[in-house]
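Everything below concerns the one structure shown next.
The values are calculated or read from the model by the stated rules, or taken from the named source; none is laboratory data. In this text, all values refer to a predicted model and were calculated from it rather than measured experimentally. Cβ atoms come from the backbone with ideal geometry, glycine included; neighbour counts cover every protein chain shown. Areas reflect the complete protein model, heavy atoms only, side chains present, ligands, DNA and RNA absent. Shrake-Rupley method; radii C 1.70, N 1.55, O 1.52, S 1.80 Å.
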Amino acid sequence: MRRMAGPTLLLTHEAMIEHDPGPGHPERPERLQAVLKRLKSFQDADVCWAQPTPASREAIERVHRPHYVDQLETLRGRRAALDIDTAVSPASLQAAYLASGAAIDAVTAVVAGRARRAFALVRPPGHHAESDRAMGFCLFNNIAIAAAHARASLGCRRIAIIDFDVHHGNGTQQAFYADADVLYISTHRWGIYPGTGSTREIGAAKGQGFNVNVPLPEGFGDGEYNAVFGSILVPVVDAFEPDLLLVSAGFDSHRDDPLGGMAVTEAGFGSMCATLCQLADRHAGGRIALVLEGGYDLQALAASVAACVDVLRAQKPPAPRPSSHAAGEVAEVIEKVCSVHRLYWPV
Ligand SMILES: [Zn+2]
């Protein structure tokens, strides 16, 4: 990767557009094309663009079992179905290695101080991929691989992974479930794919309390997410004091998304991103890297990514929409999480 001096690094590669899970699939090549088209105008001094290098096998195997990587390798250059909604095309393996490589390059750049903040604009997404299986459109768990790399090779000790994709990141949870040095916090809609992510999944052994699931009811939007962030996410991350923040940035909780059933607007995503940047500034010397996950309405996805990039390059986000749910309902959702995690965190 070229040496970058700009404050916000955007990483992407056209080869990731070539990954094609098949006709009619929501995780389609047009997603990344729409994002890149929207960001084309972001060429000023605040933003640097770079192409990632593919992740090494060693980096991938910090999260995935060798036999799983071998199994994927046998599919290089072929078309195959891996599970009911995850498939590879001839170019998918290359895209998957580049997606993980982009996440690694993003954390490398922010830790080395070559960029203040970074966003890996990738596909396939990663947070459902488990140690030995592809799941939910995901082949390699890009963000988990980047976190493992940051610890193994970059000297990071405490990493917070925030996942605001509408789906629970079962693969990321699994990767660090018994680990007290990687805090995983997920906000997700309850009752949809992949079915994991209950408040009772709190981590195991030394990692107890370091896995914070915030299942949400259908229809939550900007105001409700804002309340959840303020009451749970901010105090937990403040107490954890990470030296690096990573974000599984999925935009399928947008109100126009065909899969999510939530009501977040692009301003809401900008506001969440601003909160996360403030946490990074407070604890991690500003070091924050976002990695793209879901988001299946092309316009909503592109606008939401742009809103986050605007915040990364220090633009003030537009005001999010106020809560449309009864305060009591939101408080009840928050209390359910707090009642479990009060044992571990000042929530
Ligand atoms: Zn998702």
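With n ≥ 4 as the cut-off for DSSP H runs, can you work out [θ] at 222 nm for the chain, using -39500 (n - 2.57) per run divided by the number of residues, rounded to the nearest 500? So the helix-based figure for the chain works out to -11000 deg cm²/dmol.
Would you please give the FRET efficiency between Ala239 and Arg65, computed as 1/(1 + (r/R0)^6) with r the Cβ-Cβ distance and R0 = 30 Å, to the nearest 0.05? Once the sixth-power term is evaluated, E becomes 0.35.
Averaging the sequence gap over all C-alpha pairs within less than 8 Å and six or more residues apart, then dividing by the number of residues, gives the chain a relative contact order of 18 percent.
Placing pseudo-labels 7 Å out from each Cα toward the beta carbon at Glu30 and Lys206 gives an inter-label distance of 4.8 nm. Isolated cysteines in the chain, defined as those with no second cysteine Cβ under 4.7 Å, comprise Cys48, Cys138, Cys156, Cys277, Cys338. Using only Cα atoms, locate the centre of segment 100-144 and the centre of segment 201-238, then give the distance between them in Å, rounded to an integer. So the separation of the two Cα centres works out to 21 Å.
Label-to-label distance, Ser324 versus Glu218, with points set 7 angstrom from Cα along the beta-carbon direction: 1.4 nm.
Over segment 8-341, what percent of the accessible surface lies on carbon and sulfur atoms, probe 1.4 Å?
That share works out to 50 percent.
For Val234, tell me the accessible area in Å² from a 1.4 Å probe, rounded to the nearest 10. Accessible surface of Val234 is approximately 30 Å².
Glu27 contributes an accessible area of around 0 Å² to the protein surface, as traced by a 1.4 Å probe with all chains present.
Per-residue packing, averaged as other Cβ atoms within 10 Å, sorts the ranges 28-39, 245-256 into the order 245-256, 28-39, beginning with the highest.
Under 1.5 on a/c is rounded, so check that first for the chain, then, if it is not, pick prolate when a/b is larger than b/c and oblate when it is not; a ≥ b ≥ c are the square roots of the alpha carbon gyration tensor eigenvalues. Rounded is the answer for the chain, as its axis ratio a/c remains below 1.5.
Within the chain, DSSP assigns beta bridges of which about 10% are antiparallel (rounded to the nearest 5). In terms of accessible area, using a 1.4 Å probe and ignoring ligands and nucleic acids, Tyr177, Tyr225 rank largest first as Tyr177, Tyr225. How much of Ile202 can a 1.4 Å solvent probe reach, expressed as accessible area in Å² and rounded to 10? The accessible area comes out at roughly 30 Å². The length gained by stretching the chain between Ala331 and Ala180 to full extension, at 0.36 nm per residue less their Cα-Cα distance, is 51.6 nm.
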